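To start, the structure under review is shown below, and the notes come after it.
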Amino acid sequence: MAHHKSAKKRIRQDAKKRLHNRYYKKTARNAIKKLRSTEDASEAGEMLPKVTSMIDRLAKKHLIHKKNAANLKSKLTKHVNKLSA
């Protein structure tokens, strides 16, 4: 257990930040799953920029690694291009 006032505050801040980060990671994961399961090319084309933006924000805040973000975006783009072809 923390004894210093600053350590107690840091614990509170970390817990709050953890919930915030969990929400955004889960939302992005759900969006990725929805995009991967989509069979309609026009709908997938509309979803791709939104999902890409979500992934970029996660990488910017270091919630996922930037190379993981690049790989995810690449795979999703390939999926959308395959649908439209």
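The values are calculated or read from the model by the stated rules, or taken from the named source; none is laboratory data. Computed from a prediction, not measured in an experiment: that's the story for all the values here. Cβ: placed from backbone, ideal geometry, glycine included. Neighbour counts: every protein chain shown.
Considering only residues of region 35-49 that are assigned to a helix (DSSP H, G or I) and in contact with a helix residue (DSSP H, G or I) (Cβ under 7 Å, 6 or more places away or on another chain), which is surrounded by the most Cβ atoms within 10 Å (Cβ to Cβ)?
Ala44
Of the residues in region 29-85, how many are in contact (Cβ under 8 Å) with a residue 40 or more places away in the chain, closer than 29 Å to Arg18 by Cβ and touching a Lys or Arg at 6+ places or on another chain (Cβ under 8 Å)?
Residues flagged as in contact (Cβ under 8 Å) with a residue 40 or more places away in the chain, closer than 29 Å to Arg18 by Cβ and touching a Lys or Arg at 6+ places or on another chain (Cβ under 8 Å) within region 29-85 amount to 2.
Whether any residue in region 60-67 is outside any helix (DSSP H, G or I), of a type outside the set (D, E, K, R) and surrounded by 12 or more Cβ atoms within 10 Å (Cβ to Cβ) is what I want to check.
Going residue by residue through region 60-67, those that are outside any helix (DSSP H, G or I) are 61-65.
Restricting the remaining residues to those that are of a type outside the set (D, E, K, R) gives 62-65.
Still in the list and also surrounded by 12 or more Cβ atoms within 10 Å (Cβ to Cβ): 63-64.
Yes, region 60-67 has at least one match.
What is the one condition in (1) assigned to a helix (DSSP H, G or I); (2) at pLDDT below 95; (3) exposed (fewer than 11 other Cβ atoms within 10 Å of the Cβ) that Leu83 does not satisfy?
Of the numbered conditions (1) assigned to a helix (DSSP H, G or I); (2) at pLDDT below 95; (3) exposed (fewer than 11 other Cβ atoms within 10 Å of the Cβ), the odd one out for Leu83 is (3).
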